[in-house]
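Data first, discussion second: the structure below is written as structure tokens.
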């Protein structure tokens, strides 16, 4: 007597497993993406705090802050206007780390510094106040640019202010 049993899965069993995996993936993926964004934002906040500390050191040495722009990781110092606002200091290179993370290729944000808004539509002198900004390399519409000033103000340009400094 030769009994031969077939082993394997039926098409119905396979489809049920695929459906279950699909449902689990549709639940888990948004949480994964949210966790990645939270990690990037934490990296940006840490980089801004570090940059602001470097700016404060620069201030104690030169009696002004240093404004600079950042285009694709290439930072360029912006001379104060007028130069006398900073004791005639003009920088040719930026002595600060201008990206978040351990290297430019692995960073989530590019950093730059400019003048603080005065609350009336204008700006304060760079000798009095600096605003450091972390611009995301990959889009983050909820937080946008993270910003921090030497006066202690923290905000962002995104659509959900509650996620910026959490």
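Laboratory data are not the source of any read-out in this text; all were calculated from the coordinates shown. Remember, it's a predicted structure, so these values are computed and weren't measured experimentally. In this analysis, Cβ positions are derived from the backbone assuming ideal geometry, glycine residues included, and neighbour counts consider all displayed protein chains.
Some points to look at:
- Taking other C-beta atoms within 10 angstrom as a stand-in for reagent exposure, 9, 96 fall in the order 9, 96, fewest first.
- Neighbour counts of C-beta atoms inside 10 Å place 38, 166 in the sequence 166, 38, starting with the fewest.
- Sequence of 57, 147, 62, 131 once ranked by neighbouring C-beta atoms within 10 Å, starting from the fewest: 57, 62, 147, 131
- Spatial offset of region 7-35 relative to region 120-160 amounts to 42 Å, using the alpha carbon center of each.
- The slack in the chain from residue 61 to residue 25, taken as 0.36 nm per residue of separation less the alpha-carbon distance, amounts to 7.6 nm.
- Full-extension gain in nm, residue 104 to residue 35, via 0.36 nm per residue minus C-alpha separation: 22.7 nm
- Rounded FRET efficiency, nearest 0.05, which uses the C-beta distance separating residue 5 from residue 162 and R0 of 41 Å: 0.10
- Average Cα contact separation per residue, the chain, under 8 Å, 6 or more apart, as relative contact order %: 17 percent
- Calculated Rg and Dmax of region 12-163 using C-alpha coordinates, Å: 20.2, 79
- Compared with the dominant Cα axis of the chain, that is its longest principal axis, helix 11-62 is turned about 10°.
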